[in-house]
1. In deg cm²/dmol, rounded to 500, what helix-only [θ] at 222 nm does the chain give when every DSSP H run of at least 4 residues adds -39500 (n - 2.57) and the total is split over its residues?
2. What order do you get for 59-69, 598-608, 150-160, 194-204 when each peptide is scored by the mean count of other beta carbon atoms within 10 Å, highest first?
3. Output the peptides 320-328, 303-311, 491-499 sorted from most to least packed, where packing is the average of other Cβ atoms within 10 Å over each peptide's residues.
4. Need one word for the stretch 295-392: rounded, prolate or oblate. Basis is the Cα gyration tensor (sqrt eigenvalues a ≥ b ≥ c); a/c below 1.5 gives rounded, then a/b vs b/c decides.
5. Under 13 Å from the Cβ of residue 86, count the other residues' Cβ atoms, weight Lys and Arg +1, Asp and Glu -1, and hand me the total.
6. Determine the relative contact order of the chain: mean sequence separation of Cα pairs under 8 Å and six or more apart, normalised by residue count, in whole percent.
7. Quick one: length gained pulling residue 144 to residue 279 fully straight, 0.36 nm per residue minus the C-alpha distance?
8. At what distance in nm do the modelled label points of residue 92 and residue 204 sit from each other, each positioned 7 Å from its Cα along Cα→Cβ?
Amino acid sequence: MSLTSTRQHLLENTALQGMAFSDRWAGEVDGWLTKTFETATAGVSPEGLALVAVGGYGRGDLAPGSDLDLLLLHRAKNAPAEVAEKIWYPIWDEGLKLGHSVRTTAEALDLAADDLDTATSLLTARHLAGDSELTDELVQAAVEQWRKRSKRCLTMLRNGVAARQARFGEVAYLLEPDLKEGRGGLRDIHALRWAQMARPVLDAADPEALAAAERVLFDARVELHRATGRNNDRLNLQDQDAVAAALGTDADGLMADIAHAARTVAWIADETWDRVGAATGNGSSLLGWRSRSRAPGLVVKGGQVSLEPSADPATHPELVLHAANLAARKQARIARSSLDRLAARAPGPGGPDGTGPWTDDTRRGFVDLLATGHDAISVIESLDHVGIWERYLPEWSGVRNKPQRNVYHRFTVDRHLLETSANAAALVDTVDRPDLLLLGALLHDIGKGRPGDHTEVGMDLVAGIGPRLGFDDDDTAILVDMVRHHLLLPDVATRRDLTDEATIALVAAQVGDRTRLGLLAALTEADSLATGPAAWGSWKAELVRELVRRTDHYLAGGDLAALPTREFPDERQRDLLAAGQVQVSGVDDVLEVVAPDRPGLFARVAGVLALHGLDVLTADAAAVDAMAIEQIKVTSRFGSMWGWERVERDVLAALENRLAIESRLAERISTYGSAGARPGLPPATIRYDDAASKAATVVELSAPDRIGLLYRVLRAFNEMDVDVQLAKIQTLGDVVVDSFYVTHLDGSLVTDPVVRAELERALLHAVS
């Protein structure tokens with residue numbers, strides 16, 4: 001059986017997973033290569049020749065798509081080129097990826113002296129065939145050289161780890177992590193083991209913890225290769241269900257397990273590389289640091305905050321927050337031994353039974369920690385790693401490592417909450433109650449990961465958290481309202497007409513007062529920035545600020561009519577309508593179309609925009625006599641706008657019935673993706689909002705996104721003789737939430753239940 005056939009046979013045996021698959025596959029490869037070496041050296045003395053597995057293959061870490069890293073080792077008197085070809089070519093013939101080299105021991109060591117990848121690949125070199133003494137000599141010499149140059153090697157290794165982590169991001173918190181190269185991934189485990197071979201740098205318990213994490217990550221990597229059929233270590237969203245099913249869990253469970261494993265690896269790595277930096281004199285945190293007391297019971301040394309020997313957390317529980325605040329302010333770490341002492345001895349903040357209200361000092365210390373912003377995140381995660389953070393917030397267990405499996409969110413729930421709070425720290429000067437802003441940001445999604453609507457669950461939790469933290473009823477009510485309404489401003493801003501007084505009155509009634517409005521405005525920005533790049537941009541920020549400005553004016557008793565509003569159509573546009581000429585003009589991210597008013601006009605324009613990869617953000621429409629004008633704000637799916645010339649040309653062609661929009665959209669779908677939605681997305685829904693406007697009926701559509709969706713939706717409105725006055729379009733990852741202000745052709749509201757039912761039928765058919 002060929003080696004490729006053997007691998008396929010092993011892949012079909014789904015009982016072989018993770019390390020078991022790797023061991024079996026590596027064993028099969030070892031045997032095949034041994035025979036290949038024997039064939040290659042037939043008639044040639046194999047003395048002074050050795051075939052050596054290096055790198056990942058040397059470790060025995062062979063995932064289905066892993067390369068084979070091989071070294072043909074020889075003594076200087078031999079000329080093994082012919083032998084090498086007889087080994088390499090059969091591997092290539094099998095279709096396997098090969099990393100290969102032919103070197104003497106001296107050549108390998110010389111290269112390893114200056115090349116980190118070569119040096120580390122030799123540390124786990126493993127004999128396969130030929131002269132075993134030659135292999136032993138190389139391995140012994142490589143390890144000795146590594147140890148002799150430990151300071152230089154550790155510095156290079158530490159710098160390489162930092163650069164790689166910056167490039168690939170985090171495994172624990174990202175939606176689509178790189179299991180191998182990301183921070184907390186398999187490569188970090190390898191690097192820690194290489195460091196340990198240079199000099200002891202790991203604590204006694206670390207190897208076991210790393211081994212447990214490695215099993216989780218490697219199991220997922222093997223199944224990812226099996227599911228995709230390629231050497232791909234990025235666990236993309238569309239592959240997570242298949243990988244999870246192979247491992248006997250669901251995608252949420254898989255990603256939670258990966259997050260836990262990666263956090264363990266990252267925490268050990270951060271601690272270790274800090275110690276390495278201190279030992280080698282290369283720690284950036286060492287600059288300007290001396291050993292000195294910074295607070296009662298605490299000392300700062302070598303970029304770490306430590307408990308003094310005499311300090312007892314059992315009798316001085318405030319040491320936890322004092323140490324955390326000091327570490328955050330100084331961008332330091334709490335020493336591992338001190339963390340262990342705090343974890344073992346420090347009581348919770350709520351008295352002996354942990355249920356009593358916090359003292360004012362405890363609450364201030366907790367808020368002060370959050371106020372340090374992003375510098376607090378690593379400190380809090382260290383506290384969480386050793387079990388201290390949960391003593392302050394027992395509810396944290398419900399969000400820890402919880403994935404948010406949609407392209408809209410980039411972080412797990414717990415990391416999202418910390419990022420939101422950190423963003424809020426930059427906005428405390430904009431609100432009346434900075435303490436409530438920071439805590440509201442930390443707790444706004446605390447209900448996620450539990451059964452039920454996360455907002456309602458979160459409100460119930462915060463109603464209990466507030467008094468426990470020592471807040472009175474009024475302040476607790478504000479915190480509850482921050483959870484209740486944390487989506488209110490962005491939802492209204494992006495889905496409703498902000499010039500409609502009914503919209504502003506509705507928001508004002510829900511918010512209640514200006515203090516709450518200010519807190520919600522800051523929370524919205526902090527939350528959106530922590531969600532992902534698609535959640536906060538200039539367009540959304542402008543809409544939210546306009547909504548807040550108008551609502552604040554209303555709550556202060558002001559007349560909305562006194563506020564300036566954008567007139568549509570304005571004087572220039574009315575002149576265009578009066579001229580009665582077709583005009584299509586794109587400037588920046590806005591397309592303006594003037595044309596004879598007729599059914600389906602907006603749909604045609606939307607279809608053309610879809611053909612050019614442009615998504616509609618918002619659209620205004622108006623008609624005067626027999627002419628109509630549409631002003632459409634767009635964004636490009638490809639990240640940047642190009643010239644409008646082709647779009648303008650195609651819009652004109654569509655208006656003149658010279659463009660087959662439907663067939664062209666079908667061609668685009670066949671080129672760029674299926675017309676159907678990704679499995680697992682919520683079904684399409686239609687909702688009528690009769691309170692949002694007195695001048696139009698508001699129809700809100702939520703549906704999985706697809707190419708040409710808006711075009712088909714607008715055609716459905718046209719079929720029912722329903723006129724779209726205003727459209728506000730929002731894409732949330734794989735889902736669109738579109739709001740349409742509509743009337744009958746005569747301007748009357750769409751209120752007839754029969755008409756509404758048929759319109760709903762038409763819209764659902766359009767998005768199916």
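Each reported figure results from applying straightforward, stated rules to the coordinates on display, with no laboratory input. No experiment lies behind these values; they were computed from the predicted model shown. Note that each Cβ is placed from the backbone with ideal geometry, even for glycine, and that neighbours are counted across all protein chains shown.
1. Only helices count here, giving -16500 deg cm²/dmol.
2. Per-residue Cβ counts within 10 Å, averaged per peptide and sorted highest first, yield 598-608, 59-69, 150-160, 194-204.
3. Packing order, densest peptide first, comes out as 320-328, 491-499, 303-311.
4. oblate
5. -3
6. That works out to 7 percent.
7. 46.6 nm
8. It works out to 5.3 nm between the two label points.
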